[in-house]
């Protein structure tokens with residue numbers, strides 16, 4: 001597939017708006033789902049020269065779009081069914097959605113986001129989980145020390161993966177770390193190369209992650225979530241194969257070789273895609289959207305839930 005060059009990304013819009021639209025440094029609107037490359041191939045990240053990986057690590061560097069900063073509660077996500085896929089807060093029954101605080105955790109316990117140019121095909125059964133995909137880009141839990149900002153595009157290396165089964169659908173959760181995290185110059189982060197290293201250098205984090213995904217819907221009155229592989233975190237090699245598969249699914253989606261349903265594939269960078277549009281068309285799409293203020297209360301994200309054993 002042919003791509004135009006993509007540079008560092010900026011966020012435009014106010015955090016009080018329900019849409020957050022991505023621009024590149026030239027001021028051109030782009031889709032964070034389709035227009036940001038999956039693999040790292042730039043010497044800059046958010047306009048800042050990035051630390052270069054060793055050759056043997058380069059194939060494990062990916063771009064991550066941050067949707068939810070650590071310790072926050074608003075369920076922000078790439079809106080896959082809207083033109084240019086803005087980042088916006090999920091709404092259910094007319095109300096803005098927040099993830100519950102389940103003691104002892106406040107909001108999301110990692111920087112949460114997605115890998116661009118991936119898609120978990122809802123019509124394709126995963127051979128390892130025996131369930132179809134959840135119709136979204138693949139999710140990422142970034143476990144570095146820095147609290148990132150919504151809309152950031154950061155370079156991450158993949159460490160492993162967890163297979164959540166959500167209402168009968170496969171919902172992969174990648175475990176990754178920002179290579180430009182403040183800890184990155186330390187031997188601590190350079191020693192994190194696979195999922196076993198997370199257990200060694202961040203004891204308890206994977207267990208907390210498993211429990212977070214197991215219980216986070218209980219305050220909504222829903223049952224515990226289930227997992228493939230009995231909740232076992234798979235290693236980096238397994239995770240890279242899952243990423244490869246979801247990237248191939250995305251390419252089929254963008255080339256109209258599979259049924260995308262309501263997924264909006266409008267893009268400005270994938271030149272040979274039938275959904276490609278010009279910068280002028282992209283700007284017209286954005287300017288045609290009426291941004292509305294989020295008037296909902298955020299009191300929900302201050303409530304604590306205590307679960308009995």
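The values are calculated or read from the model by the stated rules, or taken from the named source; none is laboratory data. The shown structure was predicted, so the numbers you read here are calculated from the model rather than taken from an experiment. Note: ideal-geometry Cβ built from the backbone for every residue, glycine included; neighbour counts use all protein chains shown.
Data for the structure
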read-out	value
Listing of helices (runs of 4 or more DSSP H) fully contained in the stretch 100-219 that carry 1 or more residues being within 17 Å of the chain's Cα centre (by Cα) and modelled with pLDDT of 95 or more	205-215
Residue within the stretch 50-68 that is buried (at least 19 other Cβ atoms within 10 Å of the Cβ), modelled with pLDDT of 95 or more and out of contact with any strand residue (DSSP E or B) (no Cβ under 8 Å at 6 or more places or on another chain) present	no
From 195, 243, residue being over 20 Å from residue 305 (Cβ atoms), touching a residue at least 24 places away in the same chain (Cβ under 8 Å) and in contact with a helix residue (DSSP H, G or I) (Cβ under 7 Å, 6 or more places away or on another chain)	195
Qualifying residue in the stretch 270-282 (condition: within 19 Å of the chain's Cα centre (by Cα), at pLDDT 95 or above, surrounded by 19 or more Cβ atoms within 10 Å (Cβ to Cβ) and more than 19 Å from residue 170 (Cα to Cα))	no
Residue match in the stretch 39-48 (condition: modelled with pLDDT of 95 or more, on the phi < 0 side of the Ramachandran plot and surrounded by 15 or more Cβ atoms within 10 Å (Cβ to Cβ))	yes
Output for the stretch 293-309, where each listed residue is loosely packed, with under 10 Cβ neighbours inside 10 Å and at pLDDT below 65	293, 295, 299, 309
Failed condition for residue 263, given (1) outside any loop (DSSP other than H, G, I, E, B); (2) under 27 Å from residue 81 (Cα atoms); (3) in contact with a helix residue (DSSP H, G or I) (Cβ under 7 Å, 6 or more places away or on another chain)	(1)
Selection from the stretch 220-229 of residues that are part of a helix (DSSP H, G or I) and either crowded, with 16+ Cβ neighbours inside 10 Å or modelled with pLDDT of 95 or more (or both)	228, 229
